[in-house]
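A short worksheet on the structure shown next.
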Amino acid sequence: MDNIVFCAFGTERLSAEELDKMMAFLPQDRILKSRRYRQVNDRMNCIAAYFMLLYGLAKEYGLLRIPCVETNQYGKPFFREPVNISFNLSHCRGAVCCALSPWNIGVDIQDPIDHPESLFDLVMSKGEREAILASPAPETLCAKYWSQKEAYLKYMGTGLTDDVSAYDFSDFSEDCFSYRNRTVTIKNYNDYTISVCSEAGQTIFVFNDITNYIQDFYALYPAESAHIINTSVIY
């Protein structure tokens, strides 16, 4: 079975009605978590990302509930129950994505980074800095490198505790390549870069507007079935 990544766009345009439709299926602790964000867009993305997990599990695996979620010592989430499904979520300005796989997986979605030089000393290798400075689209290339690093570290489950600048992706121009015995797959969609790090299988990407995912989900599971969603531990 392949890896699959559901990418949803237009989260900044979500209406109050659409948010209510997503929250009807979400555990209460996820809703409470979303309310702790100061920015409205961050609250929307928090809801939308978890909704996409619901959607992906239903669409790909026929699961009518989310298995209980726990996190490792670095905060990486995983299903506590032995369902043989790994997942990872990511969001950025106006977009969220959910990766699902039978194997360990990491995903990151990133829009162009303004003022990329502000990240040079902190996260970019020497080769990456030189490539960004020479690029006609430095904001996009910086986002690409950052997305690859995030996906790899999220796969490893260590978060950003490592020296991020030690990971150098400047030698890779392909859309799919091997990095430290892991497969990294890159996909561009409009201004966004989506990176996936996995240990096996090909990666399938699905792109759509968040409103279309909501409509599709409600066609499968009408509102009266919202009680099937559990109240698992949410990261």
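Observations on the structure shown:
- Cα radius of gyration and Dmax for the chain (Å): 17.6, 55
- Selection from Ala166, Leu122, Ala143 lying farthest towards where the dipole of region 109-199 points positive, charges on Cβ: Ala166
- Here the 3J(HN,Hα) profile of region 180-196, calculated from phi with Karplus coefficients 6.51, -1.76 and 1.60 at θ = phi - 60°, is 6, 6, 10, 9, 10, 10, 10, 9, 9, 9, 6, 8, 9, 10, 10, 10, 10 Hz, Gly and Pro shown as x.
- Estimated [θ] at 222 nm from DSSP helical runs (n ≥ 4, -39500 (n - 2.57)) normalised by residues in the chain, nearest 500: -9500 deg cm²/dmol
- The 3J(HN,Hα) values that the Karplus relation (6.51, -1.76, 1.60; θ = phi - 60°) gives for region 78-85 are, in residue order, 7, 7, 5, 6, x, 9, 6, 10 Hz. Gly and Pro appear as x.
- Of Lys33/Lys187; Lys154/Lys187; Lys33/Lys154; Lys21/Lys149; Lys21/Lys187; Lys76/Lys144, pairs whose Cα-Cα distance is over 25 Å: Lys33/Lys187; Lys21/Lys149; Lys21/Lys187
- Ordered by the number of other Cβ atoms lying within 10 Å of each residue's own Cβ, fewest first, Cys97, Cys176, Cys92 fall into the sequence Cys176, Cys92, Cys97.
- Calculated log₁₀ intensity ratio I(q)/I(0) where the Debye formula runs over C-alpha points of region 109-199, q = 0.12, 0.19, 0.25 Å⁻¹: -0.31, -0.83, -1.47
- For region 109-199: relative contact order, % (alpha-carbon pairs under 8 angstrom, 6 or more apart): 35 percent
- Taken about its Cα centre, the chain carries a charge dipole of roughly 680 debye when the Cβ of each Lys and Arg holds +1 and the Cβ of each Asp and Glu holds -1.
- Using θ = phi - 60° in the Karplus curve 6.51 cos²θ - 1.76 cosθ + 1.60, the 3J(HN,Hα) couplings for region 21-32 round to 5, 5, 5, 4, 9, 9, x, 4, 5, 5, 4, 5 Hz; x is entered for Gly and Pro.
Values in this text are rule-based calculations from the coordinates and carry no lab data. Since the model is a prediction, treat every value here as computed from it, not as a measurement. Note that we place each Cβ from the backbone using ideal geometry, even for glycine, and neighbour counts take in every protein chain shown.
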